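Everything below concerns the one structure shown next.
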Amino acid sequence: MDGFAIFLVIVVLGFVGWYLARSRRKQARLMEESPTTADPGSPIGRDLYEPDASHHAPVADFHVQGEEAIVVFDVPLSGEDDPVLNELLVDEAIEVVREKRHTLPIDGVTVVVVRAGHGESREIGRRELPAVGELPPPVESMGLSLANIAHDPFAAPFEEETDHSVVYETKTDVPSDELGPIMDELKLPTGLERGLRAIGIDPGHVSAPDLVLALLRMFGYGITDQAVPGTYMVIKDGLSTYILTEPHRKGEHPELDESTCKRFIAGFGSSGADRGLLLTGKYGPFMIYDMEARQPNIRFITRERLQGFIDWMALG
């Protein structure tokens, strides 16, 4: 593993630790104030784009069986064992038990068992308690966050000169057959993939727009739904970006059509946002060059441009 890869893994782990610690503090306070209404074990994070959504591993189940407190996370696991992700989830499980002890006694518990997976889960770790019913001290935050150290990944496509095709090429020969999963064509750094899995996102089964939105949330962008389905307003550091998403669905033409492009232009014009971005799993027609040239504050992140956009985010 080269130096950059090691740095990226450390940063992403720091981000996850920071968000977990913040969520734990917030939920512990809620439990103290209203233990009958707060449910920190609920699968928070499923509504990924809610502005104040907590970003910790979604909990599928928690129960005590004999001397074991069993925590099940609804987190997608890769085919290979990931010791770093497993350790993060074990730490998170301890905090779940800490929060749940208000409603479910753990006086006889000696070990916390951690299971994870979408659908069918498997055991990925366990931790012995210091004494019966006694939890270890809370995990301290690593003090790092992608939201704090990363540049603005949106800035890259907008900072290019008029010949921005040098970075984002447009495909001219659109295949006539069905498009495969977007991740078959992308290389996602291990650190970013691990961060996505830790918040319940399976990189192997996600559309191109949802992948970018999830990464943006990891980078600290506030994302809110707009009135029109599939549109979002993204804000960070006072700069707003209007987003229209257009996933590719089975049986659809693999190229972005003109009507969607015009709908994006119209939506951006009425949004009042500083910038506009269309995210799609489809290929881009040549006409998007003219649209971008006429309106410098808009960009189309199409299928063939997506890897470059992710690379910019990873290099932040």
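Details
- Heavy atoms of GLU87: accessible area, 1.4 Å probe, square angstrom to 10: 90
- Cut-off under 5 Å, modelled amide H: who pairs with GLY125 long-range: VAL114
- Protein heavy-atom surface of segment 232-271, 1.4 angstrom probe: 51% of the accessible area is carbon and sulfur, with nucleic acids and ligands not counted.
- Residues ASP82, ASP184, ordered by accessible area of protein heavy atoms at a 1.4 angstrom probe radius and largest first, appear as ASP184, ASP82.
- Residue-span extension gain [LYS250 to GLU123] - 0.36 nm each, minus C-alpha spacing: 42.3 nm
- Near GLU255, the amide H atoms lying under 5 Å from its own belong to TYR283; only residues 5 or more places off or on other chains count, and H is placed 1.01 Å from N.
- For ASP225, solvent-accessible area (1.4 Å; no DNA, RNA or ligand), Å²: 100
- Accessible surface of ARG101 - all protein chains present, 1.4 Å probe, nearest 10 Å²: 110
- Per-residue extension of 0.36 nm, minus the Cα-Cα distance of VAL111 and MET287, leaves a gain of 57.3 nm for this segment.
- Spatial extent of segment 217-288: Rg and Dmax, with the Cα atoms as the point set, Å: 12.9, 40
- VAL59 long-range amide H proximity, modeled H, under 5 Å: ILE44, ASP74
- For segment 237-316, the set of chymotrypsin sites (Phe, Trp or Tyr not before Pro) satisfying both a DSSP loop assignment and a count of at most 13 other C-beta atoms within 10 Å is given as PHE286.
- Rounded to the nearest Hz, the phi-derived 3J(HN,Hα) couplings of segment 219-233 under the Karplus curve 6.51 cos²θ - 1.76 cosθ + 1.60 (θ = phi - 60°) are 8, x, 7, x, 10, 10, 5, 9, 4, 7, x, x, 10, 9, 10, where x marks glycine and proline.
- Estimated FRET transfer efficiency (ASP274, GLU87; beta-carbon r; R0 41 Å; 0.05): 0.55
- Of ARG249, ARG275, the order by accessible heavy-atom surface (1.4 Å probe, DNA, RNA and ligands excluded), from most exposed downward, is ARG249, ARG275.
- Accessible surface ranking for LYS236, LYS187, LYS262, 1.4 angstrom probe, highest first: LYS187, LYS262, LYS236.
- The phi-based Karplus calculation (6.51 cos²θ - 1.76 cosθ + 1.60; θ = phi - 60°) puts the 3J(HN,Hα) values of segment 120-136 at 7, 9, 9, 6, 10, x, 8, 9, 6, 7, x, 7, 4, x, 10, 8, x Hz, whole numbers, x for Gly and Pro.
- ³J(HN,Hα), Karplus 6.51/-1.76/1.60, whole Hz, each residue of segment 88-104, x for Gly, Pro: 4, 6, 5, 4, 5, 5, 4, 6, 4, 5, 4, 6, 6, 5, 5, 10, 9
The values are calculated or read from the model by the stated rules, or taken from the named source; none is laboratory data. Since this is a predicted model, take the numbers as computed values, not measurements. As a convention, Cβ positions derive from the backbone with ideal geometry for all residues, glycine included, and neighbour counts pool all protein chains shown. Heavy atoms of the whole protein, side chains included, go into the accessibility calculation; ligands, DNA and RNA do not. Shrake-Rupley method; radii C 1.70, N 1.55, O 1.52, S 1.80 Å.
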